[in-house]
1. Suppose we keep only residues that are of a type in the set (Phe, Trp, Tyr) and either in contact with a His (Cβ under 8 Å, 6 or more places away or on another chain) or within 12 Å of His199 (Cβ to Cβ) (or both) within the stretch 242-266. Which one would you say is most open to solvent (accessible area, probe 1.4 Å)?
2. Quick check on Ala207: is it aliphatic (A, V, I, L, M), part of a helix (DSSP H, G or I) and open to solvent by 40 Å² or more (accessible area, probe 1.4 Å)?
3. Just the residues that are under 17 Å from Ile232 (Cβ atoms), touching a residue at least 12 places away in the same chain (Cβ under 8 Å) and either among the basic types (Lys, Arg) or in a helix (DSSP H, G or I) (or both), please, taken from the stretch 258-272.
4. Please go through the stretch 44-58 and pick out each residue that is within 21 Å of Ser69 (Cα to Cα) and either polar (S, T, N, Q) or in contact with a Phe, Trp or Tyr (Cβ under 9 Å, 6 or more places away or on another chain) (or both).
5. Do you know which residues across the stretch 95-130 are open to solvent by 40 Å² or more (accessible area, probe 1.4 Å), modelled with pLDDT of 70 or more and in a helix (DSSP H, G or I)?
6. Please go through the stretch 39-73 and give me each residue that is open to solvent by 20 Å² or more (accessible area, probe 1.4 Å) and outside any strand (DSSP E or B), ordered by number.
7. Need the failing condition index for Glu39 against (1) closer than 16 Å to Gln124 by Cβ; (2) touching a residue at least 12 places away in the same chain (Cβ under 8 Å), just the number.
8. Does the stretch 169-203 hold any residues that are open to solvent by 50 Å² or more (accessible area, probe 1.4 Å), assigned to a helix (DSSP H, G or I) and at pLDDT 90 or above, and which are they?
Amino acid sequence: MTIADVPHFQLYGEGGSFADPGFVHIETIESRSRLTGWEIGAHRHDTLDQLLVIAAGAVAVTFEGVKRSFDAPVVIHVPAGTIHGFLFDEDVDGVVITFSTDLRALLAAGQSGLAIVADRPVAQCLTRAQAERFGPLVGELYRECSGHDLGRITAAGWLVGLLLVQLTRAVRDSALPLSGNDDRARRFRTLVDDHFRDHRTIAFYAASLGMTERSLTRFVRAHFGCAPMHYIHRRLVLEARRLLIYGNHTVAGVAEQLGFADPSYFSRFYYRMTQERPSATR
């Protein structure tokens, strides 16, 4: 199997399109892994992060070909685009929380400490005191995701944020995060974050990474499941959503901040990417 052959899923074994920015899902590890002999094969999620909170049992984790084993209690963060797999003990007790990368980015905006778990895999063993902080949050998230109360989507999003805060604190105190064996994916993400407003050409990104345009295209498709320009456009849309939802800007003002000389062109671009008018998001 080559990297291009690694399957892309929404939830494991399930296809799907670009996730809604507020998407949050929670299920027990047993509910899906029992059906596959407790093994989750190598795969990745293009627009979804996952957080595994394991209270009992053991797990072997594979990130980008690097395999390590952990005994509970342990929390694992898998950012979008990471090739990963798991082998669980049959007595495992834990949950898998799946949420959109857009949600994580929104939660981390202005919170530089959350960068610890922003773009790299983390597997963090917990002390008993740390583990006790996760349990109530997981329980509340279950209730919000399974109920129909007013504001449940917002509540679920903030609970995911609180779980990430707890993980970040545990990492800060004693962490040895796992990282993939190819640093170019992180460097490409960083370049896009730094320059997406500048509307640079693919040639610029390729030269910055010491690659040809063709090799960059193959690399980004393999790691992120899309062409480089589409990845950049998704980053533009994410920033546009932030400004439209959380900023006090007109559509024309957002277009200007994102480097669009023509607000009408920005509106067409935004609609093409989201099937929604900027004014509706605002």
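1. Keep residues of the stretch 242-266 that are of a type in the set (Phe, Trp, Tyr), which gives 246, 260, 265-266.
When the remaining residues are screened for being either in contact with a His (Cβ under 8 Å, 6 or more places away or on another chain) or within 12 Å of His199 (Cβ to Cβ) (or both), the result is 260, 265-266.
Working: Phe260: 20, Tyr265: 113, Phe266: 1 Å².
Filtering first and then ranking leaves Tyr265.
2. Values: aliphatic (A, V, I, L, M): yes; part of a helix (DSSP H, G or I): yes; open to solvent by 40 Å² or more (accessible area, probe 1.4 Å): yes.
Here the answer is yes, as Ala207 does meet what is asked.
3. Within the stretch 258-272, Phe266, Phe269, Tyr270 qualify.
4. Filtering the stretch 44-58 down to residues within 21 Å of Ser69 (Cα to Cα) leaves 44, 49-58.
Within the stretch 44-58, Arg44, Asp49, Gln50, Leu51, Leu52, Val53, Ile54, Ala55, Gly57, Ala58 meet the criteria.
5. Leu106, Arg128, Ala129
6. Asp46, Gly57, Glu64, Gly65, Ala72, Pro73
7. (1)
8. To start, the set of residues in the stretch 169-203 that are open to solvent by 50 Å² or more (accessible area, probe 1.4 Å) comprises 169, 172-174, 176, 179, 181, 183-184, 186-187, 190, 193-194, 197-201.
From the residues that got through so far, the ones that are assigned to a helix (DSSP H, G or I) too are 169, 172-174, 184, 186-187, 190, 193-194, 197-198.
Those that are open to solvent by 50 Å² or more (accessible area, probe 1.4 Å), assigned to a helix (DSSP H, G or I) and at pLDDT 90 or above: Asp194, Arg197, Asp198.
The values are calculated or read from the model by the stated rules, or taken from the named source; none is laboratory data. Just so it is clear, the model here is predicted, and its values are computed rather than measured. Positions of Cβ are backbone-derived with ideal geometry, glycine not excepted, and every protein chain shown enters the neighbour counts. Heavy atoms of the whole protein, side chains included, go into the accessibility calculation; ligands, DNA and RNA do not. Shrake-Rupley method; radii C 1.70, N 1.55, O 1.52, S 1.80 Å.
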